[in-house]
Amino acid sequence: MSATSDGHVISVRDLTMAYGSTRVLEGIDLDVEEGGVTALLGPNGAGKTTTVEILEGFRRRSGGDVRVLGEDPARASRAWRSRVGIVMQSWQDHARWRVVELVRYAAAHYDHPVPAEEALEMMGLGDKAQATIGDLSGGQRRRLDVALGIVGRPELLFLDEPTAGFDPAARRSFHEVLGTLVDSGLTVLLTTHDLAEAERLSRRIVLLVGGQLVADGSAADLARSIDAPTTVRWREDGQVRTEKTVEPDALVHRLYATHGSALSGVEVRPPDLEDAYLEIVAREES
Amino acid sequence: MNRTARILSTGLLRARLELRVLVRNRSILFSQLQVANVVMLVVLGRIIGDDPIGGSGQPQVTLFVAGFVALAVCQATILQFPLALATDREDGTLLRARGIPDGVATYLVGKVAVVLLTVVVNVALVLVTAAVALGAPMPSSASSWLTLLWVLALSTCAATLLGAAVGAMLPGARQGTGWVLLPLMGLMVISGTVIPFTLMPGVVQAVASVFPLRWMAQGVRSALYEPAYAVYEVAGSWQHLETAGVLLAWVVVGAVLAPRLIARTTRRETGSKLEERRHEASRRVGI
């Protein structure tokens with residue numbers, strides 16, 4: 001593992017991007033440290049995809065300084081490319097190839113790849129090795145994309161909507177695999193619309209709205225930052241009641257004092273990432 | 001293993017895997033083998049192959065065979081190859097290659113290897129079928145074989161580079177018919193592949209002479225006909241020097257254009273572009 005000298009796997013200063021006269025990124029600063037999952041969130045059109053494509057070395061930026069694994073991705077070397085794994089959306093390539101054939105071909109480009117069968121095993125596709133790629137279900141296809149993303153043992157993995165189309169069991173097992181990879185030192189930049197997934201996987205969340213970074217912190221930090229009320233729900237005489245309050249502790253004390261043992265099923269739900277996300281996006285967009 | 005050797009060996013791995021796909025999918029294999037052309041050749045040969053051309057005593061069937069050999073080269077390189085490149089771009093194969101170290105290089109090596117094999121197999125298919133079904137001649141001497149070899153090598157080289165350039169410019173596989181198939185059919189008519197070149201008006205001959213197909217067909221004729229038939233060619237000779245010159249010029253044009261165009265197309269290939277195309281495609285079919 002070798003990040004940049006300052007310990008940052010990704011280091012972005014004043015990144016701007018304009019298509020013609022349309023400004024998509026308005027000067028982004030972002031440092032991502034080695035290890036763990038960082039989620040890049042934002043509504044459609046916020047500039048997430050553009051940002052990620054610049055970091056992946058797929059798109060030239062209009063301005064600013066970008067370092068990924070110590071190199072400028074716009075001038076990426078072969079060695080740099082082999083340290084980066086990419087899992088994008090909407091891949092439908094090699095539909096007539098067999099699963100193991102494509103993984104083996106991809107693996108042949110790296111110096112120390114994960115053996116093809118092992119990569120498939122890791123993603124729960126061991127029994128699909130001989131299947132034709134075009135016959136895979138959506139979720140299986142995505143897992144194959146991830147297997148291809150990690151087959152070269154990358155230090156940094158870009159994951160774009162990795163679990164779109166997964167059933168809950170597949171999503172859970174994917175999260176476990178990702179956890180294992182992250183434990184072994186992998187740095188992940190995740191883009192997703194699944195806020196529960198982002199909250200569960202990421203130690204850090206970066207929110208992009210209108211081409212600017214508007215929030216940065218853990219899911220809990222973000223939730224705290226918005227001063228949203230906590231929802232308290234309880235059962236009183238067989239009736240479910242809810243109340244929103246900024247002082248949930250006081251409310252709960254009051255409820256017990258008033259109803260005593262007649263009270264049941266008390267739930268206290270503090271604002272979560274989804275509340276924070278919706279609040280911040282609405283504020284920034286207005 | 002150094003980098004170049006590794007690109008070549010991984011590219012050949014890709015070629016082997018692509019061939020396996022062909023073997024598993026008979027419908028694609030069938031179109032890769034230009035069976036329709038061979039059938040057309042046999043029909044043409046059976047109907048009018050025995051007629052001598054313009055009272056020259058020159059058997060027409062040899063003209064057809066030479067024309068179809070040249071066509072086999074062009075079809076594999078300038079038609080099938082660009083369509084394959086466009087299809088791969090549309091389904092994300094090229095983008096996938098972009099995200100892999102030296103992936104685009106091994107992808108191209110694999111593609112070109114398959115194209116070269118397609119040329120060899122289809123040329124052999126035309127020559128052998130013509131010999132068996134039509135009694136058409138093969139090259140009759142070592143020097144004729146040598147002529148056939150250099151003409152085909154140079155032709156394939158030029159046409160493959162051109163095909164790569166065309167494939168890079170082709171907006172999508174669906175545009176292949178308008179962009180490539182129709183112009184190629186036009187060239188086929190005026191380049192002396194089925195209709196003797198001498199029957200074309202001077203202007204048409206001049207136009208056809210700019211493009212490689214005319215010279216490919218003439219070069220192959222020089223390997224299949226007896227030397228004496230050279231007098232029936234437009235210039236009264238086989239024009240080997242001119243043939244080599246024009247084909248080499250196209251090799252140079254292709255070698256300059258193809259890498260630049262391919263690099264440009266590859267550079268433009270991104271996930272969002274792929275997504276956009278997919279949206280457009282689904283709108284088109286009304287989903």
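The values are calculated or read from the model by the stated rules, or taken from the named source; none is laboratory data. As the structure is a prediction and not an experimental result, all values here were calculated from the model. Note that we place each Cβ from the backbone using ideal geometry, even for glycine, and neighbour counts take in every protein chain shown.
Taking the criterion of being closer than 22 Å to residue B:254 by Cβ, within 13 Å of chain A (Cβ to nearest Cβ), touching a helix residue (DSSP H, G or I) at 6+ places or on another chain (Cβ under 7 Å) and surrounded by 14 or more Cβ atoms within 10 Å (Cβ to Cβ), would at least one residue in segment B:65-77 satisfy it? Looking through segment B:65-77, none of the residues is closer than 22 Å to residue B:254 by Cβ, within 13 Å of chain A (Cβ to nearest Cβ), touching a helix residue (DSSP H, G or I) at 6+ places or on another chain (Cβ under 7 Å) and surrounded by 14 or more Cβ atoms within 10 Å (Cβ to Cβ). Identify the residue in segment A:225-243 that is of a type outside the set (S, T, N, Q) and free of Cβ contacts under 8 Å to residues at least 12 places away in the same chain and, among all such residues, is surrounded by the most Cβ atoms within 10 Å (Cβ to Cβ). Ranking the candidates gives A:241 first. Of the listed requirements (1) closer than 30 Å to residue B:232 by Cβ; (2) at pLDDT 95 or above; (3) of a type in the set (A, V, I, L, M, F, W, C), residue B:108 misses just one: (1).
Counting just the residues of segment B:175-194 that are polar (S, T, N, Q) and closer than 19 Å to residue B:222 by Cβ, which one comes out modelled with the lowest pLDDT? If we take residues in segment B:175-194 being polar (S, T, N, Q) and closer than 19 Å to residue B:222 by Cβ, then B:193 is modelled with the lowest pLDDT. I'd like to know if segment B:276-284 contains one or more residues that are under 28 Å from the mean Cα position of the chain (by Cα) and among the small types (Gly, Ala, Ser). Within segment B:276-284 (the criterion being under 28 Å from the mean Cα position of the chain (by Cα) and among the small types (Gly, Ala, Ser)), the answer is no, since none of the residues qualifies.
Residue B:30 meets the stated requirement of being in a helix (DSSP H, G or I) and exposed (fewer than 14 other Cβ atoms within 10 Å of the Cβ). Restricting to segment B:242-272, and then to whatever is within 14 Å of chain A (Cβ to nearest Cβ) and in contact (Cβ under 8 Å) with a residue 40 or more places away in the chain, can you tell me which residue is surrounded by the fewest Cβ atoms within 10 Å (Cβ to Cβ)? Here the answer is B:264. Of the strands (runs of 3 or more DSSP E) lying entirely inside segment A:208-286, those carrying at least 1 residues that are more than 30 Å from residue A:24 (Cβ to Cβ) are A:230-236, A:239-245, A:263-269. Identify the single condition in (1) in contact (Cβ under 8 Å) with a residue 24 or more places away in the chain; (2) within 20 Å of residue B:190 (Cα to Cα) that residue B:60 does not satisfy, given that it satisfies every other one. Residue B:60 satisfies all of (1) in contact (Cβ under 8 Å) with a residue 24 or more places away in the chain; (2) within 20 Å of residue B:190 (Cα to Cα) except (1).
What do you reckon, is residue B:235 part of a helix (DSSP H, G or I) and either within 30 Å of residue B:103 (Cβ to Cβ) or of a type in the set (A, V, I, L, M) (or both)? Taking the combined requirement at face value, the residue does not satisfy it.
If you go through segment A:84-107 and pick out every residue that is at the interface with another protein chain (Cβ under 7 Å from one of its Cβ atoms), over 19 Å from residue B:271 (Cα atoms) and in contact (Cβ under 8 Å) with a residue 24 or more places away in the chain, you end up with 2.
Among the residues of segment B:91-139, which ones are charged (D, E, K, R) and within 9 Å of another protein chain (Cβ to nearest Cβ)? Result: B:91, B:96, B:98, B:102.
Conditions tested, residue by residue: (1) over 27 Å from residue A:120 (Cβ atoms); (2) crowded, with 22+ Cβ neighbours inside 10 Å; (3) within 15 Å of the chain's Cα centre (by Cα).
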| site | (1), (2), (3) |
| --- | --- |
| A:37 | no, yes, yes |
| A:71 | yes, no, no |
| A:90 | no, no, no |
| A:96 | no, no, no |
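Just to verify a result, which residue in segment A:61-83, among those that are in contact (Cβ under 8 Å) with a residue 60 or more places away in the chain and farther than 26 Å from residue B:15 by Cβ, is farthest from the other protein chains (Cβ to nearest Cβ)? Of everything passing the filter in segment A:61-83, A:67 is farthest from the other protein chains (Cβ to nearest Cβ). Cβ-Cβ contacts under 9 Å between residues 6 or more apart (or on different chains), taken from a first residue in segment A:45-60 that is over 18 Å from residue A:81 (Cα atoms) and free of Cβ contacts under 8 Å to residues at least 40 places away in the same chain to a second residue that is hydrophobic (A, V, I, L, M, F, W, C) and not in a helix (DSSP H, G or I), are listed as A:45/A:24; A:50/A:17; A:50/A:24; A:50/A:25.
Those helices (runs of 4 or more DSSP H) of segment A:33-122 in which 2 or more residues are of a type in the set (S, T, N, Q) occupy A:48-55.
Scanning segment B:149-186 for residues being more than 30 Å from residue B:274 (Cα to Cα) and either surrounded by fewer than 21 Cβ atoms within 10 Å (Cβ to Cβ) or in contact with a strand residue (DSSP E or B) (Cβ under 8 Å, 6 or more places away or on another chain) (or both) gives a total of 6. Scanning for something more than 10 Å from every other protein chain (Cβ to nearest Cβ), surrounded by 24 or more Cβ atoms within 10 Å (Cβ to Cβ) and among the aromatic types (Phe, Trp, Tyr), does segment B:141-148 turn up at least one residue? No, there is no match, as no residue in segment B:141-148 is more than 10 Å from every other protein chain (Cβ to nearest Cβ), surrounded by 24 or more Cβ atoms within 10 Å (Cβ to Cβ) and among the aromatic types (Phe, Trp, Tyr).
Among the residues in segment A:126-139, are any within 24 Å of residue B:4 (Cα to Cα), surrounded by fewer than 17 Cβ atoms within 10 Å (Cβ to Cβ) and away from chain B (no Cβ under 12 Å)? So far as segment A:126-139 goes, no, none of its residues is within 24 Å of residue B:4 (Cα to Cα), surrounded by fewer than 17 Cβ atoms within 10 Å (Cβ to Cβ) and away from chain B (no Cβ under 12 Å). The residue that is modelled with the highest pLDDT, among those in segment A:123-152 that are assigned to a loop (DSSP other than H, G, I, E, B), closer than 17 Å to residue A:178 by Cα and among the small types (Gly, Ala, Ser), is A:152.
Here residue A:22 fits the description: free of Cβ contacts under 8 Å to residues at least 60 places away in the same chain, surrounded by fewer than 17 Cβ atoms within 10 Å (Cβ to Cβ) and among the β-branched types (Val, Ile, Thr). For the residues A:163, A:180, the requirement of being of a type in the set (S, T, N, Q) and part of a loop (DSSP other than H, G, I, E, B) singles out A:163. When you look at residue B:109, is it under 30 Å from residue A:145 (Cβ atoms) and touching a residue at least 60 places away in the same chain (Cβ under 8 Å), yes or no? The answer is yes for residue B:109. Tell me, please, whether a residue that is surrounded by 13 or more Cβ atoms within 10 Å (Cβ to Cβ), touching a residue at least 40 places away in the same chain (Cβ under 8 Å) and of a type in the set (Ser, Thr, Tyr) can be found in segment B:206-214. Within segment B:206-214 (the criterion being surrounded by 13 or more Cβ atoms within 10 Å (Cβ to Cβ), touching a residue at least 40 places away in the same chain (Cβ under 8 Å) and of a type in the set (Ser, Thr, Tyr)), the answer is no, since none of the residues qualifies. Would you confirm whether or not segment B:1-13 contains a residue that is at pLDDT below 90, among the hydrophobic types (A, V, I, L, M, F, W, C) and surrounded by fewer than 18 Cβ atoms within 10 Å (Cβ to Cβ)? Yes, some residue in segment B:1-13 is at pLDDT below 90, among the hydrophobic types (A, V, I, L, M, F, W, C) and surrounded by fewer than 18 Cβ atoms within 10 Å (Cβ to Cβ). Could you say whether any residue in segment A:201-211 is buried (at least 22 other Cβ atoms within 10 Å of the Cβ), touching a residue at least 24 places away in the same chain (Cβ under 8 Å) and either aromatic (Phe, Trp, Tyr) or within 14 Å of another protein chain (Cβ to nearest Cβ) (or both)? Among the residues of segment A:201-211, not one is buried (at least 22 other Cβ atoms within 10 Å of the Cβ), touching a residue at least 24 places away in the same chain (Cβ under 8 Å) and either aromatic (Phe, Trp, Tyr) or within 14 Å of another protein chain (Cβ to nearest Cβ) (or both), which makes the answer no.
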